[in-house]
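Engineer: Below is a structure I'd like to ask you about.
Read the figures in this text as sums done on the coordinates, not as results from a lab. As the structure is a computational prediction, the values presented were derived from the model and not from experiment. A quick note on method: Cβ atoms are made from the backbone with ideal geometry, for glycine too, and the neighbour counts reach across all protein chains shown.
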Amino acid sequence: MFRHVTLAASAAQRGFATAAPVSPVARSHKVVVVGGGTAGLAISHQLLRSGKFSQDDIAVIDPSMWHHYQPGWTLVGGGLKTKEDLRRPLHGLIDPKLKFYNQSVGTFAPENNSVTLGNGDQVSYEQLVVAPGININYGSVKGLPEALANPDSLVSSIYGYDTCDKVFSTIEKLKTGNAIFTQPAGVIKCAGAPQKILWLALDYWKRAGLYDPSNPSSSAIKIAFATGLPSMFAVPKYSAALEGLRQERGVEGLFQHDLVSIEGNKATFARPDGQEQVTRQFDLLHVVPKMGPHAFVKNSALANEAGYVDVDAGTTRHTKYANVWSAGDASSLPTSKTAAAITSEAPVLVHNLLRFMEGKTPDAVYDGYASCPLVTEYGKVLLAEFKYGGEPKETFGNWFGIDQSVPRRSFYHLKKDFFPWVYYQSLVKGTWAGPKGWTN
């Protein structure tokens, strides 16, 4: 979770892994996992639970003090959770049998099987797992950092710990005017989240008598969704359902509108194919910045042209270095960057890595499974589940024969209550495999 750290961690608790200084004796490991986010923790603990590793055989490298349940930030933006309840001290989530380097990564040297830490020390490995997540580039939108930092502006974003709790206050404050919710072109974490907060805000204003979906033109608040993409969602089945909701609820669709700058109460959007930029006035603006790989990954020999760790889409193994693996947001796996995807990626990576260490050929194949529990109002969620090729792979559809593109209250409780619980209770401990349930 290589992100900017603004808060100090609490003191190490008894029995938890501690960030001891790097010493020459402890610098060599069978497996080094870069990243203490969802993927890094799930993978390192699944490896440990295999019973094939001793004390400090596995190392985790991450500079963060806190681990955040980021899918919950949408709920914070909707006034349903507090951001403090969704975080834990990172050291407290790492099993004491794992070696924890509370450091950043400087460079990779895959030819030498080593990683150089931010403090200059080197850590060597037999197997390397690269899972540091991706970076949020607030500077990708001119004027955005200043607007987010201004407590009086109604500009906010659910995509950061420091900003997610500003979102609901802006929704509460708006009584009249134009509300615009953006989504950039390109890769982002959880591509459904930009409209989750839109639907929650719309429902809030509807309940407050400020928005009438049946007559939006006469409502006090006008709502627009400005997305750099040509449709509501990448998977056709769910995109059609969400487009139906957009039209039914009177939300203006500004497709292929990519936010590039904010100046005062004006937002400017780039258009494709050399079209002239579009500027819109707003009274509330929810922004999703552009995102991309961390520089230490992008500038390394492990990266593909786009800057992501270049792995096979099925085995999760690097296309050039046989002892390098990747999953989660930092990987080149061509699927959605979500925690749900990691529940299926991690077991494949762990299985194949262990087989490779035993001199066997990796034989597990990741099918691209990902999920997006898309909140469509307070009390209902559309549960999108799919695999490579945009093909639906619905857990409850298979079990009960229901259509998951229809928003349901039962799915809402999964999103609001069950998923945050199972995340800290099992997923980061390596015992939750998503649709396959609990594992040993």
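Engineer: Provide, in order from the shortest bin, the percent of all Cα-Cα pairs of segment 311-359 in each 10 Å bin, continuing until the bin that contains the maximum pair distance.
Structural biologist: 28, 57, 14, 1
Engineer: Using Cα pairs under 8 angstrom and six or more residues apart, how large is the relative contact order of the chain, in percent?
Structural biologist: Working: 965 pairs, mean separation 72.1, N = 440.
Relative contact order for the chain comes out at 16 percent.
Engineer: In whole Å, what are the Cα extents of segment 308-411 along the three principal axes, biggest one first?
Structural biologist: Principal extents (Cα only, largest first): 49, 27, 20 Å.
Engineer: Distance between Cα centroids, segment 220-276 to segment 65-98: provide it in whole Å.
Structural biologist: For segment 220-276 versus segment 65-98, the Cα centre distance is 30 Å.
Engineer: Convert each backbone phi in segment 141-147 into a coupling constant with the Karplus relation 6.51 cos²θ - 1.76 cosθ + 1.60 (shift: θ = phi - 60°), then list the ³J(HN,Hα) values in order as whole Hz, x for Gly and Pro.
Structural biologist: My calculation for segment 141-147 gives 10, 4, x, 5, x, 5, 5 Hz in order.
Engineer: Grab the DSSP H runs of the chain that are 4 residues or longer, score each as -39,500 (n - 2.57), total them, divide by all residues and round the 222 nm result to the nearest 500 deg cm²/dmol. Could you put the intermediate results ahead of the total?
Structural biologist: Values: 11 runs with 102 residues, N = 440.
Theoretical 222 nm ellipticity from helices: -6500 deg cm²/dmol.
Engineer: Each residue of segment 334-347 in turn: what ³J(HN,Hα) in whole Hz from Karplus with 6.51, -1.76, 1.60 and θ = phi - 60°, glycine and Pro shown as x?
Structural biologist: x, 9, 5, 8, 9, 5, 4, 4, 5, 4, 9, 5, 4, x
Engineer: What are the radius of gyration and Dmax of segment 385-440, computed over its Cα atoms and given in Å?
Structural biologist: 12.7, 33
Engineer: Now a separate question. Report the far tail of the P(r) of segment 136-290, meaning the percent of Cα-Cα pairs longer than 21 Å. Write out the running numbers ahead of the final one.
Structural biologist: Values: 4866 of 11935 pairs.
The answer is 41 percent, as a whole percent.
Engineer: Relative contact order for segment 239-391: what is it in percent, counting Cα pairs under 8 Å that are at least 6 residues apart?
Structural biologist: Values: 215 pairs, mean separation 18.3, N = 153.
Reported as a whole number, the value is 12 percent.
Engineer: Roughly what would the spin-label model give for residue 388 and residue 49, points 7 Å off Cα along C-beta, in nm?
Structural biologist: Between residue 388 and residue 49, the label points sit 2.6 nm apart.
Engineer: Only counting other Cβ atoms within 10 Å, I'd like 319, 376 sorted with the fewest neighbours first. Could you put the intermediate results ahead of the total?
Structural biologist: Numbers: 319 15, 376 24.
Placing the least packed residue first, the sequence is 319, 376.
Engineer: Now, a different point. Could you check which residue among 296, 100, 181 shows the biggest mean-square fluctuation in a GNM of the chain with a 10 Å Cα cutoff?
Structural biologist: 296
Engineer: Quick one: putting +1 on the C-beta of Lys and Arg, -1 on the C-beta of Asp and Glu, what dipole do you get for segment 136-265 around its Cα centre, in Debye to the nearest 20? If you can, show how the numbers build up before the last one.
Structural biologist: Values: 12 positive and 12 negative charges, 57 e Å.
The calculation lands at about 280 debye.
Engineer: While we're here: For the chain, with a Gaussian network of springs between Cα atoms less than 10 Å apart, report the residue from 359, 35, 292 with the top mean-square fluctuation.
Structural biologist: Evaluated over the chain, the most mobile residue of the options is 359.
Engineer: GNM, the chain, Cα, under 10 Å: largest mean-square fluctuation among 335, 82, 343?
Structural biologist: It is 82.
Engineer: A further question follows. Mind listing which GluC sites (Glu not before Pro) in segment 76-177 are in a DSSP loop and have 14 or fewer other Cβ atoms within 10 Å? All intermediate terms of the calculation are to be shown ahead of the outcome.
Structural biologist: Numbers: sites: 84, 111, 126, 146, 172; in loops: 111.
Filter output for segment 76-177: 111.
Engineer: How do 231, 344 line up, fewest other C-beta atoms within 10 Å first? Please report the intermediate quantities before stating the final value.
Structural biologist: Working: 231 15, 344 22.
Least to most surrounded, the residues fall as 231, 344.
Engineer: Next question. At a 10 angstrom cut-off on C-beta neighbours, averaged per residue, how do the peptides 424-433, 90-99 rank from highest to lowest? Walk me through the intermediate numbers first.
Structural biologist: Details: 424-433: 18.7, 90-99: 20.5.
Ranked by mean Cβ neighbours within 10 Å, highest first: 90-99, 424-433.
Engineer: Using Cα positions and a limit of under 26 Å, work out the lysines in reach of residue 206, with same-chain residues fewer than 8 apart set aside.
Structural biologist: 81, 83, 166, 173, 175, 196, 222, 266, 380, 415, 416
Engineer: To continue, here is another question. Mind listing the long-range amide H neighbours of residue 317? Cut-off is under 5 Å, sequence gap 5 or more, other chains count too, H placed in the peptide plane at 1.01 Å from N.
Structural biologist: Amide H neighbours of residue 317: 312.
Engineer: Pull up all non-local amide H partners of residue 106: gap of 5 or more, or a different chain, and H-to-H distance under 5 Å with H placed in the peptide plane.
Structural biologist: Amide H neighbours of residue 106, under 5 Å, 5+ apart: 116, 117, 118.
Engineer: Could you go through segment 316-326 in sequence order and give the Karplus-derived ³J(HN,Hα) for each residue, using 6.51 cos²θ - 1.76 cosθ + 1.60 with θ = phi - 60°, rounded to whole Hz, and x for Gly and Pro?
Structural biologist: Residue by residue, segment 316-326 yields 6, 8, 4, 6, 10, 9, 5, 9, 10, 9, 7 Hz.
Engineer: Take every Cα pair under 8 Å in segment 332-440 that's 6+ residues apart, average their separations, divide by the length, and report that relative contact order as a whole percent. It would help to have the intermediate numbers written out before the result.
Structural biologist: Details: 144 pairs, mean separation 23.9, N = 109.
Result for segment 332-440 is 22 percent.
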